[in-house]
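J.: Pasting a structure here, questions to come.
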Amino acid sequence: MTQIHMGGASADLLRPFVIPTDRALLVGLSGGIGSGKSSVATAFASLGAVVADADAIAREVVEPGSVGLRRIEEVFGDAILNDDGTLNRGALAQQVFTDASARKTVEAITHPLIAERSRQILSSAQPGNIALYDVPLLTEQHMQDQFDAVIMVDVPLDMRLSRLQARGMTIDEARKRIASQANSDERRAICHIWITNTGSLVDLHRLVATVHAQWLTHSGTTGSPTGR
């Protein structure tokens, strides 16, 4: 089976992948802003998958008292701190938005910390389970070769715009955010499973459960087991 439908949601198996037998299946999950990627991650977590959320980890590594925040403060000064010692993300964003060098400096500080923390979380997954890394810019950062399988989540543009406006963005802000990311063709070119998240939340959870059972476990039909 190369396509699964659950109500208004669907999944397509675009290319095969190999399921390891000696460790957890390492899955990269991504999708454009407003696609519902986080809901897919939640659905996998409810099935027992070990999930690392790149956005949550990015916040964690710059919490007060962290090595990340201390290093950023050393470079940019205490003007990027709030009165309570937390990172003033708006102030930092103003500094890096128009300064590519400053942005690279921040990335050089935070990206290794994020990568190490994600490895710690994902390495706890046992053989036969799924270790899922929820990462927004997987395509843009060319991370696809780090995973056994890549899952992309997508919805039509009008639905993405509507969801982003519901979060408080203006239509122009939403369009700019979407335009700054990879497009659907670029994502489709590197993924193994494509989820179209146009149904209800119930549809999505049922779809993920079926994808999990049929395509991501040894009892399913995708790929062949290997000890690599």
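The values are calculated or read from the model by the stated rules, or taken from the named source; none is laboratory data. Predicted, not measured: the structure shown is a model, and the values here were computed from it. Cβ atoms come from the backbone with ideal geometry, glycine included; neighbour counts cover every protein chain shown. Note: accessible area is taken over every heavy atom of the protein model, side chains too, but ligands, DNA and RNA are not part of it. Shrake-Rupley method; radii C 1.70, N 1.55, O 1.52, S 1.80 Å.
J.: Conditions first: (1) aliphatic (A, V, I, L, M); (2) surrounded by 14 or more Cβ atoms within 10 Å (Cβ to Cβ); (3) more than 25 Å from ILE195 (Cα to Cα). ALA100 passes all but one, so which condition is the exception?
T.: Single failed check for ALA100: (2).
J.: Tell me which residues, restricted to the range 46-76, are assigned to a helix (DSSP H, G or I) and more than 30 Å from HIS205 (Cβ to Cβ).
T.: Matches in the range 46-76: VAL67, GLY68, LEU69, ARG70, ARG71, ILE72, GLU73, GLU74, VAL75, PHE76.
J.: From the list ALA149, ALA131, ALA166, ALA179, exactly one residue is touching a His at 6+ places or on another chain (Cβ under 9 Å) and assigned by the TED database to the domain that holds GLY31. Which is it?
T.: Values: ALA131 fails: touching a His at 6+ places or on another chain (Cβ under 9 Å); ALA166 fails: touching a His at 6+ places or on another chain (Cβ under 9 Å); ALA179 fails: touching a His at 6+ places or on another chain (Cβ under 9 Å).
The match here is ALA149.
J.: A follow-up question, please. Output the number of the condition that THR42 fails; it satisfies all remaining conditions of (1) open to solvent by less than 20 Å² (accessible area, probe 1.4 Å); (2) outside any loop (DSSP other than H, G, I, E, B); (3) at pLDDT 95 or above.
T.: It is condition (1) that THR42 fails.
J.: Out of all the residues in the range 166-181, which are open to solvent by 40 Å² or more (accessible area, probe 1.4 Å) and either polar (S, T, N, Q) or at pLDDT 95 or above (or both)?
T.: Matches in the range 166-181: THR170, SER180.
J.: Name the single residue, out of those in the range 103-114 being touching a residue at least 12 places away in the same chain (Cβ under 8 Å) and under 30 Å from ALA24 (Cβ atoms), that is most open to solvent (accessible area, probe 1.4 Å).
T.: LEU113
J.: Same structure, new question: Only one of SER38, SER10 is over 19 Å from ILE130 (Cβ atoms) and not assigned by the TED database to the domain that holds THR105; which?
T.: SER10 is the lone residue from the list that is over 19 Å from ILE130 (Cβ atoms) and not assigned by the TED database to the domain that holds THR105.
J.: Considering only strands (runs of 3 or more DSSP E) fully contained in the range 129-199, which possess at least 3 residues that are within 22 Å of ILE57 (Cα to Cα)?
T.: 130-134, 149-154
J.: Go through (1) within 18 Å of LEU14 (Cα to Cα); (2) among the polar types (S, T, N, Q); (3) assigned by the TED database to the domain that holds LEU14; (4) at pLDDT below 90 and name the single condition SER184 misses.
T.: (4)
J.: From the list ARG117, ARG163, ARG206, which one is open to solvent by 60 Å² or more (accessible area, probe 1.4 Å), in contact (Cβ under 8 Å) with a residue 24 or more places away in the chain and in contact with a Gly (Cβ under 6 Å, 6 or more places away or on another chain)?
T.: Among ARG117, ARG163, ARG206, only ARG163 is open to solvent by 60 Å² or more (accessible area, probe 1.4 Å), in contact (Cβ under 8 Å) with a residue 24 or more places away in the chain and in contact with a Gly (Cβ under 6 Å, 6 or more places away or on another chain).
J.: Follow-up question, since we're still on this one. Out of the range 24-70, which residues are in contact with a Ser or Thr (Cβ under 9 Å, 6 or more places away or on another chain) and among the charged types (D, E, K, R)?
T.: Within the range 24-70, LYS37, ASP53, ASP55, GLU60, GLU63 qualify.
J.: Hey, among the residues in the range 77-97 that are part of a helix (DSSP H, G or I) and of a type in the set (S, T, N, Q), which one's most open to solvent (accessible area, probe 1.4 Å)?
T.: Here is the first cut: in the range 77-97, the residues part of a helix (DSSP H, G or I) are 78-80, 89-97.
So of that shortlist, the ones also of a type in the set (S, T, N, Q) come out as 94-95.
Numbers: GLN94: 147, GLN95: 73 Å².
Among those that are part of a helix (DSSP H, G or I) and of a type in the set (S, T, N, Q), it is GLN94.
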